[in-house]
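One structure below.
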Amino acid sequence: MKNVLGSGDHGWTRMNADARLGRSVVPFDLRSVFICVHPWFSPVHRSRPIKRLLLLAVLLLPVLVHAQRTRVTGRVFDQATGDPLPYANVVFPGSTVGTSTDTVGFFRLNDDQHRDSLRVSMTGYRARTIALKGAVDQGLVIGLDPMHVELHVFEVRPGENPAFAVLRQVIARKPFNAPERLDAYHYTSYDRVRFDLNHFTDRIKKNFLLKPFDYLWDGIDTTADGVRYLPILLNEREEEHDYRRDPRSEKRVVMGTKAYKFFRAPRIMEFVEDMAIEPDINEEQVTILDRSFPSPINSHFQQYYRYLLDDTLRACDGYICHRITFRPKHIGDAAFRGEMLIDTTSKAVVRVDLAFSIEANINFVRNYWIRQDRAPVAEGPWFVRSSQVIGDFTVIENSADMTGFFGRRTSTVSDITIGQTREEAFYKQVDPVIVQDSAALRNDAWWRTVRPDTFTVEERDLVTRVDRMAHDPRWQRREGLLHLIGEGWQPLGPIDLGNVYTFFSTNPVEDQRVKLGLRTNDHFSRTWRFAGHLAYGFGDARWKGGLSGAVQLNGPRRQRTLIGAEYLDDMLQPGRSASLLPLDHVLTSFVRLSGPDPRWYLRATSAYVERQWPAGLAVRCGSVDQRISAPDVGFFRVLEGDTTGGATVTLSGVRLGARFAFGVKDLDADYTTILRGLFVPRVPIVSLEILLSGGGLGTNAVPMQRYRLKVEDRLRTPPFGYLDIYAEGGLIDGDVPYPLLHFPNSDPLLFNDVRSFNLMNFLEFAADRWATLQLEQHFEGHFLDRIPLLRWAKLREFVLAKAFLGSLSAANRNGAFPLPDGLSDARDPYVEVGFGIENILKVARVDFLWRLTDRDHAGALPFIVKPSFYFRF
């Protein structure tokens, strides 16, 4: 099948496309032609030589034309690793005919002229020129040698790599070439993001979810390299950008936004928004898909990259430019591969190509490529004028046939004005992103005026198809099934039925528990929300339930006001984190490992008013009334020396809450809410809650004040990944029964919880003054990627430490409600440490945890191994 040439051919391999079926793939040769025309050469026809010659020319014409054509197919790969090379340049030298390899390294190139050679090149690799046979369809398998050998040569010679001198000049000129040195500027940007399903076969048409929708497949097309794709989503956005240097202010005004899709997918829309973020190579680190990449013009560029400076200058967009190629210093590093064109006069980057592929420890990415074109304004600074992004995503990155999708983004910048500022009130707005009230309501006529180009035929067809799918009842039923599996709720018109995973569970108090819940959805109202549930425990023979309602009032500039109320009569578990499985989830019945399983009855009513700002600020004020009791005999209480049972603890008063995370959308002020999303916010999250109880709504309410504050943040620590920080502190002022004390989040369950103490049991510690600190350093494979046998698995390592410090006042330690056995304060800090491996099969994490203190407590486990599951890049 293959004819492997010797070392003199520089390692590339030639393979005949006809699989050795013959020296030529021409379907007939000249002898067959002469046999066909043989009667014309008989003596009978010798009198008509001109006619014979004309006919002979006509018969030979297809053969001659075929002989002139050049057809080449093949695959390009990394000679060192064997990995396919996407987007390599393949051209016929001396012509304008060329192409690029696809995402798995394949190409096809045709020309009507005879070509005797083929040239293959790619950033960071030695170019190859291959001799071609004439009049033969040829298949080639071409290996390119990485240029790290040449780069290494530069390092060992006296002096230094000549690219370094150019890069130092670029870095030194960054402040002058950056737009931020201007007093003010304004520009308009248009972004278009499209997702295409790719690498699928006809079997997908028989899939239960998609089988009825024949019209969906009308949009199938094929790339030049033979990859089938189907556009399924389109999003466009028009924005205005304003900058003022002193006092510094940056604002984005969203003038219009529109999404064409047939599925509800908030995570996908997060992905769309992340692709629309323009990376700034003037920064030290560039964040893409929640991963940090060092900029190729980073101040410490030698630490991350190997560079090669072309020995000749070239023309680029009217400038004379240096060309510098770069690649990661170590295989597997989260760093770019690409090239820069640098203006020799201003030392500004005219064009930059950034790419990473399956070699980088990033999930679900076959390849990712960014191109930015820059141009200066008269005042000197350079602006990004246009950019392109192409991503190839799939579940299994190194499979060329696994179904995935292309993500494509194009962006253009126009109407740049320098030195003009807006009115002061505009800059004083807190919101960094200002969304016009009419942004989502723009009509087609408006969009036609702002688009820099018209929709392609594919894109127009996509708009028609997705609209038809979105209104197809058959698809709506299937989408409901997907939400039932993923979220546990089944849509039934304007009502959702669920959560199916809580329909049945068991616990020590209720024994067997059944539950049914209902809630409204967008088909009922986008303004009003109602929810309720009814449950029954067979062990305690007691009904439980809850009912809640809320109305959302939209104000100007995307400000929202929520007014809500709730009644709840159900069970609670002290010290249970909101990020754990729901208390009545069916799995909770089976996954507890150690310690007690306390459950109390809670009867609560509350009402609140909350205001949310797009700047990332939410404030809530509300009333709260709670009555907590224990099963069977209730809480024990000491009165005049006698201990009695049946006591109920009552709390009634006002609760104030606030949360701030600059620029984060849809933030609420509930202190216990866990922010969930595809990407972690790039800013600290600060939450505050104040509870004032006594008198008010409850006649027997405990007089007390509780204050608590927490901060969550992620610090990038390149090249060693990132550090997650969680810190909380609080105090309770007043003499309170122990059910109202603070219980640290505990997790004695089988699965790891990142915000809990995973070796602490429920009701093990309590405090009225406390502090919690949790640190997790994620190395993102920095060390494991250095091990060749493990690199392919893309495993990532991390270490962690968690501590809790809490104390009890004498009055609360020896109060009227005696502390149950095993419950104490933590004057000496409780500490657990561990390490772990994450990204196992891209969705799993395993923690190895040690408890360092209080190991003599009843039911305490000194060591445990816990799994958990998640989705992230």
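Taken together, the values in this text are just the output of simple stated rules run on the coordinates, not laboratory data. All values reported here derive from a predicted model rather than from experimental measurement. Here the Cβ positions follow ideal geometry from the backbone for every residue, glycine too, while neighbour counts run over all protein chains shown.
Amide H to amide H under 5 Å from Arg126: which residues, 5+ apart in sequence or cross-chain, H placed 1.01 Å off N in plane?
Distant-sequence amide H within range of Arg126: Asp145, Met147.
What's the extension gain from Thr449 to Ile725 if we count 0.36 nm per residue and subtract their Cα-Cα distance?
Values: separation 276, 0.36 × 276 = 99.36 nm, distance 4.69 nm.
Here the segment from Thr449 to Ile725 would lengthen by 94.7 nm.
Please state, rounded to one decimal and in Å, the Kirkwood hydrodynamic radius that segment 492-552 gives when every pair of distinct Cα atoms enters the mean of 1/r.
Details: mean 1/r = 0.0795 Å⁻¹.
When all Cα pairs of segment 492-552 are included, the Kirkwood radius is 12.6 Å.
Scan around Ala88 for amide H atoms under 5 Å from its own, H built in the peptide plane at 1.01 Å from N, and keep only partners 5 or more places away or cross-chain.
Hits under the 5 Å cutoff: Thr101.
For segment 747-758, in order, what is each residue's ³J(HN,Hα) by Karplus, 6.51 cos²θ - 1.76 cosθ + 1.60 with θ = phi - 60°, in whole Hz (x at glycine and Pro)?
So the Karplus estimates, Gly and Pro as x, are 9, x, 8, 5, 8, 6, 10, 5, 9, 10, 8, 7 Hz.
Can you spot the lysines whose alpha carbon is less than 23 Å from Lys347's alpha carbon? Ignore those fewer than 8 places along the same chain.
Lys174
Treat the chain as a sphere of radius equal to its Kirkwood radius over Cα pairs and apply Stokes-Einstein at 4 °C in a medium of 1.567 mPa s; give the translational diffusion coefficient in µm²/s, rounded to a whole number.
Values: Rh = 32.2 Å.
Estimated diffusion coefficient is 40 µm²/s.
Mind giving me the FRET efficiency for Ser121 and Asp218? R0 is 51 Å, r the Cβ-Cβ distance, nearest 0.05 is fine. Don't skip to the answer; put the middle values down first.
Details: r = 38 Å, r/R0 = 0.74.
Efficiency for this residue pair is about 0.85.
Provide the gained length on full extension for the span Thr312 to Arg69, in nm with one decimal, where the gain is 0.36 nm per separating residue minus the Cα-Cα distance. Don't skip to the answer; put the middle values down first.
On the way: separation 243, 0.36 × 243 = 87.48 nm, distance 3.39 nm.
Between Thr312 and Arg69, full extension yields an extra 84.1 nm.
Give me D for segment 757-822 in µm² s⁻¹, whole number, from Stokes-Einstein with Rh from the Kirkwood sum over alpha-carbon pairs, 4 °C and 1.567 mPa s. Don't jump to the answer; show the numbers that get you there.
On the way: Rh = 15.6 Å.
Estimated diffusion coefficient is 83 µm²/s.
Can you give me the convex hull volume of the Cα atoms of segment 70-143, divided per residue and expressed in Å³?
Values: hull volume 5.8 nm³, N = 74.
Spelled out: Cα convex hull of segment 70-143, divided by residues, is 78 Å³.
Report the calculated FRET efficiency for Leu789 and Gln303 (r = Cβ-Cβ distance, R0 = 25 Å), to the nearest 0.05. Each step should come with its number before you reach the end.
Values: r = 26 Å, r/R0 = 1.03.
Approximately 0.45, to the nearest 0.05.
Any idea what angle helix 457-470 forms with the longest principal axis of the chain, computed on alpha-carbon atoms, 0 to 90 degrees, nearest 10?
30
Give Lys205/Lys794; Lys710/Lys842; Lys515/Lys665; Lys205/Lys261 a once-over and call out the pairs whose C-alpha atoms are over 22 Å from each other.
Check vs 22 Å cut-off fails for Lys205/Lys794; Lys710/Lys842; Lys515/Lys665.
Go ahead and estimate [θ] at 222 nm for the chain from helices alone: -39,500 (n - 2.57) per DSSP H run with n ≥ 4, summed, over the residue count, rounded to 500.
-4000 deg cm²/dmol, from helical runs alone.
For segment 271-369, what is the convex hull volume of its Cα atoms per residue in Å³? Working shown, then result.
On the way: hull volume 10.9 nm³, N = 99.
So the per-residue hull volume is 110 Å³.
With an 8 Å cut-off on Cα pairs and a minimum separation of 6 or more residues, tell me the relative contact order of the chain in percent. Write out the running numbers ahead of the final one.
Working: 1990 pairs, mean separation 61.8, N = 873.
About 7 percent, as a whole number.
Based on the Cβ-Cβ distance of Asp670 and Asp821, what FRET efficiency does E = 1/(1 + (r/R0)^6) give at R0 = 22 Å, to the nearest 0.05? List each step's numbers first, then the result.
Details: r = 33 Å, r/R0 = 1.52.
Step by step, r from the Cβ atoms, then E = 0.10.
Give a residue-ordered list of calculated ³J(HN,Hα) values for segment 208-214 (Karplus: 6.51 cos²θ - 1.76 cosθ + 1.60, θ = phi - 60°; whole Hz; x for Gly, Pro).
4, 6, 10, 4, x, 9, 4
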